[in-house]
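First the structure, in the form of structure tokens, and then the observations on it.
The values are calculated or read from the model by the stated rules, or taken from the named source; none is laboratory data. Fair warning: this is a prediction, and the values are worked out from it, not measured in the lab. Cβ coordinates were reconstructed from backbone atoms using ideal geometry, including for glycine residues, and neighbour counts include every protein chain displayed. In case anyone asks, the SASA skips ligands and DNA or RNA and just uses the protein heavy atoms, side chains included. Shrake-Rupley method; radii C 1.70, N 1.55, O 1.52, S 1.80 Å.
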Amino acid sequence: MSLRTPVARARGLGSAKEGAHHWWVQRLTAVALIPLTIWFVISVIGMIAAADSADAGYAAMASWMSNPIAATLMIGFLAFGFYHAALGMQVVYEDYIEPKWLEVAVNVVTRLVLAFFGIASIVSVLMIAFGG
Amino acid sequence: MPTATQNRPLSPHLQIYRPQITSVLSILHRMTGVALTLGTLLIAYWLIAAASGAEAFAAAQDWIGSFLGVLLLLAWSFSLFYHLCNGVRHLAWDLGLGLEIETVTQTGWVTVAVAGGLTLVAWIVAFAVW
């Protein structure tokens with residue numbers, strides 16, 4: 001006989017209104033990424049246009065990221081993008097990887113790697129933005 | 001113990017079916033998603049190089065401008081546009097729109113055309129301003 005009550009065992013297993021969280025944030029990040037992706041592509045082409053030599057590329061990048069709105073949109077693009085990537089990869093693993101422990105292990109590694117690179121990207125944007 | 005379940009007909013495997021626009025585009029959405037995930041790591045490399053200084057950034061830009069870099073960028077840009085367009089298609093389905101089979105086929109071809117067109121336009125403009 002367990003000392004844990006049925007309620008204690010049920011807690012934390014996910015209640016109603018929480019099961020759709022993965023599905024919901026995948027859509028939420030997808031919607032955010034629509035305008036951000038279009039902005040990113042146009043901005044990168046704009047940056048190519050602003051740089052007329054190899055040396056000017058760095059200056060164009062620094063000038064682009066020193067605009068607070070551009071830096072904000074870039075960080076948004078990165079944060080939503082890396083998160084959306086992690087959510088999507090999880091679904092692919094769930095469908096194709098057996099056994100379960102391997103699927104979970106690969107998912108954990110993916111999440112941590114994407115989180116690490118996402119943080120590194122955002123730190124880099126901030127460093128360029130602040131003229132580091 | 002022999003049971004009736006052992007002789008149940010099995011669903012044919014994927015390779016038995018003739019490829020259809022619906023199934024091919026569905027698989028392409030996943031493949032481009034995985035490609036873009038790998039691509040985010042290259043964006044991270046590009047940004048880290050930029051934050052490391054002018055020399056590191058110039059090296060990164062040189063690598064991106066190389067044959068392999070341009071090839072990867074071409075694949076990445078098409079993946080981005082395709083995943084974007086097909087993602088909008090998916091969001092419409094989530095709203096219950098365009099789920100009739102003829103509509104799904106039509107929007108599928110439109111998605112391929114728009115994604116291909118956007119990739120072409122982006123590269124033409126990029127080369128024009130380069």
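Points worth noting:
- Unique residue being hydrophobic (A, V, I, L, M, F, W, C), on the phi < 0 side of the Ramachandran plot and open to solvent by 60 Å² or more (accessible area, probe 1.4 Å) when the list is A:MET127, A:MET74, A:MET47, A:MET89: A:MET127
- Test for A:PRO99: is it in contact (Cβ under 8 Å) with a residue 60 or more places away in the chain and more than 10 Å from chain B (Cβ to nearest Cβ): no
- Scanning segment A:50-63 for residues that are modelled with pLDDT of 75 or more and open to solvent by 50 Å² or more (accessible area, probe 1.4 Å) yields A:ALA50, A:TYR58, A:ALA59, A:SER63.
- Residue match in segment A:9-28 (condition: open to solvent by 30 Å² or more (accessible area, probe 1.4 Å), at pLDDT 95 or above, in contact with a helix residue (DSSP H, G or I) (Cβ under 6 Å, 6 or more places away or on another chain) and under 21 Å from B:VAL88 (Cβ atoms)): yes
- Condition check for B:GLY65: farther than 25 Å from A:ASP95 by Cβ and open to solvent by less than 20 Å² (accessible area, probe 1.4 Å): no
- Which listed residue is more than 20 Å from A:LEU33 (Cβ to Cβ) and open to solvent by less than 30 Å² (accessible area, probe 1.4 Å), from B:VAL125, B:VAL104: B:VAL104
- Residue among A:VAL44, A:VAL91 that is within 30 Å of B:ASP62 (Cβ to Cβ) and facing another protein chain (nearest Cβ under 10 Å): A:VAL44
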